[in-house]
Amino acid sequence: LTDNVDPVFTTTPAAFSSLCSSPTLAADITAWLATAAATDNCGNVTITNDYNAANLPTSGCGAITITFTATDECGNDATVTSTITLTDNVDPVFTTTPAAFSSLCSSPTLAADITAWLATAAATDNCGNVTITNDYNAANLPTSGCGAITITFTATDECGNDATVTSTITLTDNVDPV
């Protein structure tokens, strides 16, 4: 007897989607992988897949394709594919909001001090990296030597979620005119 008929998938796993931060993600994927089923005209079928957790998107959002292979006892095989999609709908969280900054307008280290202050903003995300930007522009500093401007800091994760905080730069002038 010869068997030259490929197995037939009776159940192809539907596309899988989950939040990247799901505490049950690994177990949910394992259960999903087990939903693949196939039959054969002559004997048993073994189902394998090429899933590797290391291939999941590290950013917290994205998709990977999983190939399922059904192989019968005679070496005939059939394949199907499905996808795992991870999503992130959680905004980053600021762990450090810069405290209000105040300086004399005549400080010789004013530019360096502001640069160092801007760098104190910090944020984390539930899945992936965060980029922090701000809307500081030296041209917006008070030209009179005293006054305040508001700086908006934005933390953006790799999936496009963002959060904002604000702080102020205040310049003072305590030197009498000559």
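When the Gaussian network model of the chain links Cα atoms closer than 10 Å, the mean-square fluctuations of 54, 70, 100 top out at 54. One chain, two ends: residue 172 and residue 137. Fully extended at 0.36 nm per residue, the span grows by 10.8 nm beyond their Cα-Cα distance.
In order along the range 110-127, the phi-based Karplus estimate (6.51 cos²θ - 1.76 cosθ + 1.60, θ = phi - 60°) of 3J(HN,Hα) comes to 4, 4, 5, 5, 5, 4, 5, 5, 4, 6, 7, 5, 9, 8, 10, 9, 6, 8 Hz; Gly and Pro are listed as x. Compute a Gaussian network model of the chain, connecting alpha carbons closer than 10 Å, and tell me which residue from 104, 86, 33 fluctuates the most. It is 104.
Our coupling estimate for the range 32-41, obtained by passing each phi through the Karplus curve with A = 6.51, B = -1.76, C = 1.60 and θ = phi - 60°, is 5, 4, 6, 7, 5, 9, 8, 10, 9, 6 Hz, Gly and Pro reported as x.
Ordered by 1.4 Å accessible area with all protein chains kept, 77, 125 run largest first as 77, 125.
Protein heavy-atom surface of the range 3-152, 1.4 angstrom probe: 54% of the accessible area is carbon and sulfur, with nucleic acids and ligands not counted.
Charged side chains reduced to their Cβ positions (Lys and Arg at +1, Asp and Glu at -1) give the range 25-178 a dipole of some 420 debye around its Cα centre.
Label-to-label distance for residue 2 and residue 37 is 3.2 nm, based on points extended 7 Å past Cα in the beta-carbon direction.
Backbone phi angles across the range 65-76, fed through the Karplus curve with coefficients 6.51, -1.76 and 1.60 (θ = phi - 60°), yield HN-Hα couplings of 9, 10, 9, 9, 10, 9, 10, 8, 5, 9, x, 6 Hz in residue order; Gly and Pro are listed as x.
Helical runs (DSSP H, four residues minimum) scored at -39500 (n - 2.57) apiece and divided by the length of the chain put the mean residue ellipticity at 222 nm at -3000 deg cm²/dmol.
For residue 129, the residues 5 or more places off, or on other chains, whose built amide H falls under 5 Å of its own are 158.
The values are calculated or read from the model by the stated rules, or taken from the named source; none is laboratory data. What you see is a predicted model; the values in this text were computed from it and never measured. Ideal geometry is used to build each Cβ from the backbone, glycine not excepted, and the neighbour counts take in all protein chains shown. Protein only, heavy atoms only, side chains kept; ligands, DNA and RNA dropped before computing areas. Shrake-Rupley method; radii C 1.70, N 1.55, O 1.52, S 1.80 Å.
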